[in-house]
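Student: Sharing a structure, written as structure tokens. Questions coming.
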Amino acid sequence: MSHSTKTVHWALVIPTYKREAVLQRCLYFAARQTLQAKEIIVVDASPDWAQTREQVMQTLAVQYPGIDWQYVQAKRASSAAQRNQGIALATADIVFLIDDDSFMYSDCAEEVLRIYVQDTAHQVAGIMPNLEALPPDSQPPSNENAEHLNAHLNLSTQLKLIQVKLRGWAKRLIKDDDIFIPYDLSFPKYTLPETLKEMAVHPVPMIHGARMSYRREILEEVRFEETLARYAVNEDNDVCYRASRLGMLLQALKARICHEQTSGGRLTRLTTTVLWGLNQAVLHRFHSVDIDQFKKRFVKLLWQRLLTQTIKDVLDRRWTLPSTRGIVFVLRHYQEILSKTPDELRAWYPQFQHTLISRDEQDKVKG
């Protein structure tokens with residue numbers, strides 16, 4: 001029996017920081033969904049957030065009045081805290097959590113909602129759309145001119161598609177996606193419900209942070225870790241693993257989204273790599289069931305990453321080896337983190353991150 005998507009509403013929450021142009025493009029694609037959002041909520045940590053808010057409210061909000069637009073100032077610059085702030089404002093049944101450089105194809109939300117409504121027993125905790133290499137406006141329309149337009153895709157777009165596919169192949173080859181150690185040292189296993197077996201879905205252990213969606217009831221139990229600052233690396237892995245304890249995670253194969261990974265406003269590769277490792281150590285200190293076993297696996301993972309990141313630095317001609325240096329920094333400091341109690345970490349780690357991020361911003365100015 002098929003259930004109508006009209007019975008379920010969805011909200012979109014987007015944290016952002018100093019990325020006005022790409023944010024507005026993200027919102028444009030989100031507003032044009034075939035199944036319209038009930039709410040679009042932006043939590044902006046930028047100094048000039050009010051100016052961007054004015055632009056959005058005078059353009060997109062006017063063009064799409066059926067959506068409840070909420071554009072608010074972030075209480076603090078942390079994507080984890082910003083997501084929590086946005087989730088608290090959402091009232092819809094399903095909450096999409098995407099990055100400000102994630103571009104939804106027009107039927108993305110509708111395809112995801114089709115799956116949620118068929119899951120009448122609420123066995124599914126979260127769903128992510130399928131990742132596309134190119135944004136929606138790079139695709140030629142489905143009409144008699146499609147073949148002609150496709151022939152004129154510019155060279156840079158074609159090269160970008162090839163590059164994305166090669167990177168995906170390389171990551172699979174060196175197993176570079178296996179970068180989060182589960183708190184219970186294994187991932188929960190579920191059986192796909194009968195109501196979903198005929199649908200284009202695929203069970204997954206983790207959901208990518210740029211393209212998340214969860215039932216709001218799950219997000220009421222599982223909050224993002226606000227100890228993590230700014231671009232809170234591993235915040236998505238933390239939440240999706242804890243959510244997977246409450247229900248299965250799926251990939252919707254017909255729902256499409258492009259994550260452009262725009263660099264503006266981001267931290268440097270060195271700092272991002274450092275925070276990937278240290279944040280994981282912090283999160284395990286909060287949630288791990290066996291910290292000694294975690295430490296053994298984590299050290300092994302760090303040495304593997306030292307090799308793979310060095311290879312990637314060289315292949316990408318990053319001659320200062322920022323990713324390699326980041327892993328070395330983690331190897332030098334992770335034990336200090338694991339030696340502290342959770343309460344000590346909550347008091348100490350925010351300032352430690354602030355120091356790293358301040359140095360990062362100073363280095364970018366010098367560069």
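Student: Among all residue pairs at least 6 apart or on different chains, which show Cβ distances below 7 Å where the first residue, located in the stretch 283-304, is without any contact (Cβ under 8 Å) to a residue 40 or more places away in the chain and the second is surrounded by 20 or more Cβ atoms within 10 Å (Cβ to Cβ) and in a helix (DSSP H, G or I)?
Tutor: Close Cβ pairs satisfying both conditions: Leu302/Gly277; Leu302/Ile327; Leu302/Val330.
Student: If the requirement is being in a loop (DSSP other than H, G, I, E, B) and aliphatic (A, V, I, L, M), which of these qualifies: Leu228, Leu250?
Tutor: None of the others qualify; the one that does is Leu228.
Student: Of all residues being touching a residue at least 40 places away in the same chain (Cβ under 8 Å) and over 16 Å from the mean Cα position of the chain (by Cα) in the stretch 216-241, which is nearest to Pro188 (Cα to Cα)? Just the residue, please.
Tutor: Among them, the one singled out is Ile218.
Student: Additional query: Go through the stretch 208-256 and count every residue that is at pLDDT 95 or above, closer than 15 Å to Leu97 by Cα and of a type in the set (Phe, Trp, Tyr).
Tutor: Adding up the residues that qualify gives 2.
Student: Scan the stretch 22-69 residue by residue and report those that are among the aromatic types (Phe, Trp, Tyr) and in contact with a Ser or Thr (Cβ under 8 Å, 6 or more places away or on another chain).
Tutor: Phe29
Student: When residues of the stretch 21-39 are filtered for being farther than 18 Å from Glu111 by Cβ, without any contact (Cβ under 8 Å) to a residue 60 or more places away in the chain and buried (at least 19 other Cβ atoms within 10 Å of the Cβ), how many remain?
Tutor: 2
Student: Filter the stretch 274-303 down to the residues that are polar (S, T, N, Q) and part of a helix (DSSP H, G or I) and list them by number.
Tutor: Asn279, Gln280, Gln293
Student: Conditions: (1) β-branched (Val, Ile, Thr); (2) out of contact with any Lys or Arg (no Cβ under 8 Å at 6 or more places or on another chain); (3) within 19 Å of Leu302 (Cβ to Cβ). Ile218 meets all but one. Number of the miss?
Tutor: Result: Ile218 passes all but (3).
Student: Got at least one residue in the stretch 200-211 being buried (at least 19 other Cβ atoms within 10 Å of the Cβ), in contact (Cβ under 8 Å) with a residue 40 or more places away in the chain, in a strand (DSSP E or B) and β-branched (Val, Ile, Thr)?
Tutor: yes
Student: May I ask you to verify whether Gly264 is surrounded by fewer than 22 Cβ atoms within 10 Å (Cβ to Cβ) and modelled with pLDDT under 95?
Tutor: When the stated conditions are applied, Gly264 passes them.
Student: Taking the options Gln33, Gln82, Gln24, name whichever one is closer than 17 Å to Ser102 by Cα and touching a Pro at 6+ places or on another chain (Cβ under 6 Å).
Tutor: Numbers: Gln33 fails: touching a Pro at 6+ places or on another chain (Cβ under 6 Å); Gln24 fails: touching a Pro at 6+ places or on another chain (Cβ under 6 Å).
The conditions single out Gln82.
Student: Just need a number here: residues in the stretch 308-341 that are under 20 Å from Ala281 (Cα atoms) and either exposed (fewer than 12 other Cβ atoms within 10 Å of the Cβ) or not assigned by TED's automatic domain parsing to the domain that holds Ile291 (or both).
Tutor: So the count comes out to 4.
The values are calculated or read from the model by the stated rules, or taken from the named source; none is laboratory data. Given the structure is predicted, the values throughout are model-derived calculations rather than measurements. We place every Cβ from the backbone using ideal geometry, glycine too, and count neighbours over all the protein chains shown.
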